[in-house]
Amino acid sequence: MKTRNVSTINNDHAFVEIQGLCPAIVYVKIEALNLAGSVKLKAAVGMIDALEREERIGPNTSLIESSSGSLGVALAMVCAERGYRFTCVIDPNTSEQNRKTIEAMGAELVVVHQRDENGGFLGTRIQYIRQRVADDSNTVWLNQYANPANPAAHYDSTAKSISEKFSDIDYLFIGAGTTGTLMGCKLFFRRYRPETKIVAIDSVGSVTFGFPPSTRYIPGLGTSRRPEIFDPEGLDAMDRVNEADAVTMCRWLARSHGLLLGGSTGSVLAGIHSWRDRIFHKDVVVAISPDLGERYLDTIYSDAWVAKRFGEKPISGDLSFLTGRIAPAVPGTASPPR
């Protein structure tokens, strides 16, 4: 039996300190130090392990999944290690580096180009997968959007490692993509650290929090179809961030802290900045950074790409240009703690 290096190598206790976002120091958990380069390695391993336990993977099985990029890379890595066939269904927003990485590890790559009814690509990606599964009984859909093994992986690892690192946590800010990380951490902290306030951050244009859809350009956060695993019960607040603010924040981090982080991280930290008047200097504030920014050099770190989509202001990385928080008033959203 092969040694499962991908499943076991991670740096679950890597944090960096960021000052200047709010009165408190923000401790950012750097998930990019996992072997697959993102937090998605945990979900990939967790979902495939679950299929193996259930004996749903045989010699003729082909796995398939929809991804904006990072999970596709993680799944391609795990499948290559374990000898499984894998098809990754992506869309035009997926970075070129992620595309090339997925293909380099032997996975089949399918790109959909037609937008769904909400203006995104997720519905189209899922429609393609459903058809593939219907046409071939040996094809198994991992389905990160409904698979309980996704949040369970973060309950057992991500949330636990954060809890072990800090004796007190006042605020935990987490991005809402497929919501696997968010839901796993919520379940853990509501059980073991109920005093911690959990703030979920999504992108403007996403439908997850119950808002109308609009065009989005940055992969990672947001959906055009609400994930089945998402449950707002137990979250202290749900905020949305403009993608232009995410770009501004990413560029500020690169130029002021030497941190090249991905768009999801920029959104979450822009969310923290919007809470700066409600956070005290003594508070312990923790955020999760899903991946690094090297996969986005041709997008959020490209002046031409940014100017075409968001105008010139985000290019400077000047936090004074942040447009500010959009606070949703939707069912399940608690009033701000302060």
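The values are calculated or read from the model by the stated rules, or taken from the named source; none is laboratory data. Owing to the predicted nature of the structure, the values given are computational and were not obtained by experimental measurement. Here Cβ is always computed from backbone atoms with ideal geometry, including for glycine, and neighbour counts include all displayed protein chains.
Condition first: under 16 Å from the mean Cα position of the chain (by Cα) and either hydroxyl-bearing (Ser, Thr, Tyr) or closer than 26 Å to residue 160 by Cα (or both). Now tell me which residues in the stretch 273-308 satisfy that.
286, 287, 288, 289, 290, 291, 292, 293, 296
Go through the stretch 42-77 and give me each residue that's outside any loop (DSSP other than H, G, I, E, B), hydroxyl-bearing (Ser, Thr, Tyr) and surrounded by 24 or more Cβ atoms within 10 Å (Cβ to Cβ).
Correct list: 66, 70.
Inspect the stretch 148-170 for any residue being in contact with a Phe, Trp or Tyr (Cβ under 9 Å, 6 or more places away or on another chain), part of a helix (DSSP H, G or I), basic (Lys, Arg) and outside the structural domain of residue 284 (by TED's automatic domain parsing) and give the result as yes or no.
Taking every residue of the stretch 148-170 in turn, none turns out to be in contact with a Phe, Trp or Tyr (Cβ under 9 Å, 6 or more places away or on another chain), part of a helix (DSSP H, G or I), basic (Lys, Arg) and outside the structural domain of residue 284 (by TED's automatic domain parsing).
Are any residues in the stretch 42-89 closer than 16 Å to residue 103 by Cβ, among the charged types (D, E, K, R) and free of Cβ contacts under 8 Å to residues at least 40 places away in the same chain, and if so, which ones?
85
For (1) surrounded by fewer than 20 Cβ atoms within 10 Å (Cβ to Cβ); (2) free of Cβ contacts under 8 Å to residues at least 24 places away in the same chain; (3) assigned to a helix (DSSP H, G or I); (4) not basic (Lys, Arg), each residue gets a yes or a no:
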| site | (1), (2), (3), (4) |
| --- | --- |
| 106 | yes, no, no, yes |
| 110 | yes, yes, no, yes |
| 129 | no, no, yes, yes |
| 137 | yes, yes, no, yes |
| 140 | yes, no, no, yes |
| 143 | no, no, no, yes |
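Among what's in the stretch 267-295 and is touching a Leu at 6+ places or on another chain (Cβ under 8 Å) and of a type in the set (D, E, K, R), pick the residue that is surrounded by the fewest Cβ atoms within 10 Å (Cβ to Cβ).
276
Checking the condition assigned by TED's automatic domain parsing to the domain that holds residue 207, part of a loop (DSSP other than H, G, I, E, B) and either of a type in the set (A, V, I, L, M) or touching a helix residue (DSSP H, G or I) at 6+ places or on another chain (Cβ under 9 Å) (or both), which residue from 223, 265, 248 passes?
Answer to the check: 223.
Scan the stretch 47-76 for residues that are within 22 Å of residue 148 (Cβ to Cβ) and either assigned by TED's automatic domain parsing to the domain that holds residue 216 or within 18 Å of the chain's Cα centre (by Cα) (or both) and jot them down.
47, 65, 66, 67, 68, 70, 71, 72, 74, 75
Out of the residues in the stretch 182-196 meeting the condition of being in a helix (DSSP H, G or I) and charged (D, E, K, R), tell me which one is surrounded by the fewest Cβ atoms within 10 Å (Cβ to Cβ).
191
One line per residue, one yes/no per condition, for (1) of a type outside the set (Asp, Glu); (2) more than 22 Å from residue 73 (Cα to Cα); (3) surrounded by 23 or more Cβ atoms within 10 Å (Cβ to Cβ); (4) under 15 Å from the mean Cα position of the chain (by Cα):
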| position | (1), (2), (3), (4) |
| --- | --- |
| 156 | no, no, no, no |
| 166 | yes, yes, no, no |
| 217 | yes, no, no, yes |
| 231 | no, yes, no, no |
| 242 | yes, yes, no, no |
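Residue by residue through the stretch 78-101, note down the ones that are farther than 20 Å from residue 138 by Cβ, touching an Asp or Glu at 6+ places or on another chain (Cβ under 9 Å) and assigned to a helix (DSSP H, G or I).
If the condition is that a residue be farther than 20 Å from residue 138 by Cβ, touching an Asp or Glu at 6+ places or on another chain (Cβ under 9 Å) and assigned to a helix (DSSP H, G or I), then 96, 97 are the ones that fit.
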